[in-house]
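This report refers to the structure that appears directly beneath it.
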Amino acid sequence: MKAVIAIAMLGAVRAANASCNICDFGRELQGGAYLHEELTLLTHVEDPAATSGVARAVPGPGRVVDQIGMAGFRLHGFVGASANIGYHIGLDLGFGATLGRHGGFAYEIGFLPVGIGVRFGRSSWLTLGTGFVASGATGALDDAIALPLDVDLEVDASRVRLIAWARAGWIAGAPMRHDGAASVPFADELDAMVGIRIGHHYEDYGFPTGNGPYVGVAYKEMAGTKFLGLTLGYSMDMATEQTRVDHEVEQEPRPRRHRRHRVVR
Amino acid sequence: MRWIFGCLLAGCAALPRSLEMPANDETTVALLTGSLGHPMDGIARHPWFAVRKKGEKEWRIYEVGGGGEEGDPFRHHDPYLNPQVEHLWRGDEGDQAAACIERYAPGVKDYIEDHYIFYPGPNSNTFGDVVLRRCGLHASLPSTAVGKDWRGWFGGGVTSEGTGVQIETPVIGLKVGLKEGVEVHVIGLSFGIDLWPPAIIVPWGSGRLGFADR
C-alpha cells in the first residue's frame, strides 16, 4: 500500500513539474495581433475578353460581376516562444453584394489556421498563412472552397502604418472560377490591398499597441475579370513585449551580458 | 480639404450635439456614450443614461458596471473617454423618460450583469438598447456600440428608434427603417446607409461618415 502511495506521489510531483513547464512556456509566449474592420468597393477595369495571359482551362461565361461591395473584418495573430517568429492564425469574414447582370448577396469566409509570422521592429510583421476560404455570390458566382496563400505585411512608423496583404487562391469546384487570375497563372484568383493608416502608437500599457483609420487601394482578379477599388477601414494592432530567450541571446554577435531574458526596446 | 479627408478617414459626424450640461429648470434625461480606452477607443463605445430631476444638481447614472451620482457626466465619466450626447429628453418627455428608466433600468442592468458577455453580448450596449425599447425612447446607439443589436441567437422586432424593424443573429443581421436607414450587421459590426441625416454607417470612429444622428 505504501508503495502505491509513493508511486502516486511521485507521479503527482512529475505531473506538477510538467504543468510547471507548461506554465513557463505560457509565460514566454509572445507575438502580435491585428484587427481590421473594413469596407471595400471594387469595380471592373478589365473584362475577360481583354484579359491576356494564361488561357483559361474552362471557358468563362464573360463578365458576371460589374461591382462588388464587401464589409467585414480580418483578425490575425501570431504567437510563439521566439521574439521574432511565431505560429500564425487568421480569420477573415466579409459580406456584401455584387452588382451587374447578376446582382446578389456575396460572402467570403476565410480561416487560416496554418502559418508563420515574422516580427521585425516592435510592431511590424510579415505573416504567411493558409487554410480555406469559402466564397460565392448568389446568382453570380458559384460557391467554392479555395486553398489560399495569404501574405500580410504591416510596417509601423509610429503615427503612420503600412498595411498590405495579398492572397492567391486555388479553387476546388466551381469550374467557371478556375484560371481566373491572369497575373498569377499558378492560381485561380487573386486579392490584394495596399493601404496607409494614420493614427496612433501607444506604449502606455508596457507593450506596443496602436490604432487608426486607413485608406487603401484594393485589387482583385476573379473569373477572368480584373477589379480595382477603394478600401476604407479601421485598424487596431497590439503585440507583446519582445523578450529574447537564451538561445537567441547567444546567437547575438557581441552579447554584453549573458542572462536569461533581455527586453528589446 | 484636409478636414474632409480627415473626416473620411476617421469616421466623423458633422454637427454633433453640444456637451454643455443643460440647466436644471426641468427634468432631463440624457443618453451618452463614451469610448473605451485605447487601442479600442475607435471601435467600441459604452452607453449610460444620466437622469436629473427638476431642481436637482446631481445626475443619477444608469449603466452596466457602474452607477451612482455624478456632477457632470457630460464631460467626465471615468474610465470612458470622448463623451458624446446621443439624445436628450426634457420637460414632459424628460419626466416620462426618467420615471420609466428608474422603473426598468435596474432590473435590466441586473439581468445583463448576471449574463454579461463582453462580445458579442449581452453587454452594456445591449442594456442601452433594451432600456430604449422598453421605455419607448426613440433614439439609437451609435454603430460602434457593439452589442446594441444583440437579440440572442436569433431574434428580431421593432428598432429602438421605433420607425424600423430588425432581424438579428450573432453572425449577421439587418436593420431597415425610415430613420434608421439600412444597416447590415456582420458579427456585431454595423455597415450601412442612413438617409436622414445623410451618412454612411461604419463601425469605427463616431460610427458615421456624414452628419450626426439627431
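Under 29 Å of direct C-alpha separation, and excluding same-chain neighbours fewer than eight residues apart, B:K54 reaches these lysines: B:K109.
Taking B:D194, B:D95, B:D114 as the candidate residues, the one with maximal mean-square fluctuation in a Gaussian network model of chain B, Cα springs under 10 Å, is B:D114. Taking one quarter of the surface of the C-alpha convex hull of the stretch B:132-214 gives a mean projected area of 4.5 nm².
Projecting label points 7 angstrom from Cα along Cα→Cβ for A:L230 and B:V182 puts them 1.9 nm apart. Taking other Cβ atoms within 10 Å as a rough exposure proxy, A:M70, A:M176 sort from fewest to most as A:M176, A:M70. Taking other C-beta atoms within 10 Å as the exposure proxy, B:R45, A:R197, A:R119, B:R133 rank B:R133, A:R119, A:R197, B:R45 from fewest upward.
In whole percent, what relative contact order does the stretch A:30-239 give with Cα contacts below 8 Å and a gap of six or more residues? Mind dumping the intermediate values first?
Working: 664 pairs, mean separation 46.6, N = 210.
Worked out over the stretch A:30-239, it gives 22 percent.
Assuming 0.36 nm per residue, please report the length gained on full extension of the stretch A:F120 to A:F132 beyond their Cα-Cα distance. Spell out each step's value before the answer.
Details: separation 12, 0.36 × 12 = 4.32 nm, distance 2.70 nm.
Answer, rounded to one decimal: 1.6 nm.
Dividing the mean sequence gap of close Cα pairs (under 8 Å, 6+ apart) by how many residues chain B holds gives a relative contact order of 20 percent.
Among B:T28, B:T144, B:T126, A:T231, the order by Cβ neighbours within 10 angstrom, fewest to most, reads A:T231, B:T28, B:T126, B:T144. Annotation: lysines with alpha-carbon distance below 23 angstrom to B:K175 (same-chain offsets under eight excluded): B:K148. Remark: mean inter-chain Cβ contacts per residue of A:197-207 equal 2, using a 10 Å Cβ-Cβ cutoff to other protein chain atoms.
Here, each number is a calculation from the coordinates, and none is a lab measurement. All of these numbers come straight from a predicted model, not from anything done at the bench. Cβ atoms come from the backbone with ideal geometry, glycine included; neighbour counts cover every protein chain shown.
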